[in-house]
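Quick notes on the structure that follows.
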Amino acid sequence: MHIDEFKDLLEKYLDDRITPHERQRLTIALEDPDYMQLLDETIYGELVARAYEGEPDEGIRQLIQQRLDQEVTPVHTIRPRRYRWAVAAAILALVAGTYAWLQRPAKHPAAQQLIANAMPGTHKAILTLSDGSKVTLDSTGNQVIRQGATAIHQQGGQLKYDAQSTATSIQYNTLATPRGGQFRITLPDGTKVWLNAASTLRYPTAFTGPERLVEVNGEAYFEVAGNASHPFKVKIKDAEVQVLGTSFNVNAYADEPIIQTTLLEGSIKFSANNNHVLLKPGQQAVLATNKEFHINEVDPNDAIAWKNGYFLFKNEGIESVMRTIARWYDVDVSYEGDVKKQRLGGTVSRYENLEDLLKTIELTKSLKFKIEGRRVTIMP
């Protein structure tokens, strides 16, 4: 989430103008320590003073959390936002070779006939320790998990390991997010990892060897702690990424036909089938099912739209779009008729209700949706 968007949500909240969707978005941001730190910065002084009339800074978090725990009646005041992609959920339809913006439709009774309980994903995951025991994690958790000499701290949607230990034996833990879940973890070396829905990260509780090796299935964004003498490596299906200190995104879901590795900062070496290539910021390595890979020049921020709270589709096939949506809303998808050739694109908030998203796609006039339980059937 961009700092301006966070500020905008905070302003709406303090003025009691926030909608239920925006309130959920702000709640998730407030679970992230990085955003909570922003509440103490000067740019929010005026807002806080207006809302709390001089309450001490250290009480801000408690006061805001108390208010978030209460029901807020939304005031339907429309206020322009700073960025077009944040104005409303929008979908682009590829029609006759051209794109056209479609704004989110107003709610009406018919929309409520869609999946009533298919809410966006939240912070939740399962931590499997080396002895096979499992710990359920969610956004309300605040605990310390002991594993031998290792202490694992959970605060809301974040897991953090103690600093690198001197242990000589290697034990592996696995963090797994279900469909409809995401989580953040700080590894023992200080590397930060954001894990998207339906993804797993396997890693040692201490990096003791000459390299730091982890394994990912699904999608994850890494901010790697620099250590030139101990290279950081990520194993993804049939490929490997090696870094010294950088930030990058890996998309390697089992049900996707390609693996994508996108570099934001630093440099990485992407390896597959005895082929190696060095990526520069703004480049993306794509490994296809035929084991061949190529390099694309991309906007690297597109790859982490999910981390920042958005779906971003660029001329994607409907099956690819719906696989992404199904993971986040935990629904199943089926198809009727000749619809799989349809392609969509655009930017959509990950915190919209599923019914709003589907009604927006229906405005393309090329697709319809039938809802039965938690199954979405797509029809022409």
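Overview of results
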read-out	value
Selection status of Val298, farther than 20 Å from Arg212 by Cβ and touching a helix residue (DSSP H, G or I) at 6+ places or on another chain (Cβ under 8 Å)	no
Unique match (being open to solvent by less than 40 Å² (accessible area, probe 1.4 Å), within 15 Å of the chain's Cα centre (by Cα) and closer than 25 Å to Val241 by Cα) among Val214, Val224, Val193	Val193
Failed condition for Asp238, given (1) closer than 15 Å to Ala285 by Cβ; (2) of a type outside the set (A, V, I, L, M, F, W, C); (3) in contact with a helix residue (DSSP H, G or I) (Cβ under 8 Å, 6 or more places away or on another chain); (4) open to solvent by 50 Å² or more (accessible area, probe 1.4 Å)	(3)
Residue check for Leu279: in contact with a strand residue (DSSP E or B) (Cβ under 7 Å, 6 or more places away or on another chain), free of Cβ contacts under 8 Å to residues at least 60 places away in the same chain and crowded, with 16+ Cβ neighbours inside 10 Å	yes
Test: residue in the range 89-108 that is among the basic types (Lys, Arg) and at pLDDT 60 or above	no
Options Leu175, Leu213: the member that is in contact with a Lys or Arg (Cβ under 7 Å, 6 or more places away or on another chain) and at pLDDT 95 or above	Leu213
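The values are calculated or read from the model by the stated rules, or taken from the named source; none is laboratory data. Keep in mind it's a predicted model, so treat the numbers as computed, not measured. Ideal geometry is used to build each Cβ from the backbone, glycine not excepted, and the neighbour counts take in all protein chains shown. Heavy atoms of the whole protein, side chains included, go into the accessibility calculation; ligands, DNA and RNA do not. Shrake-Rupley method; radii C 1.70, N 1.55, O 1.52, S 1.80 Å.
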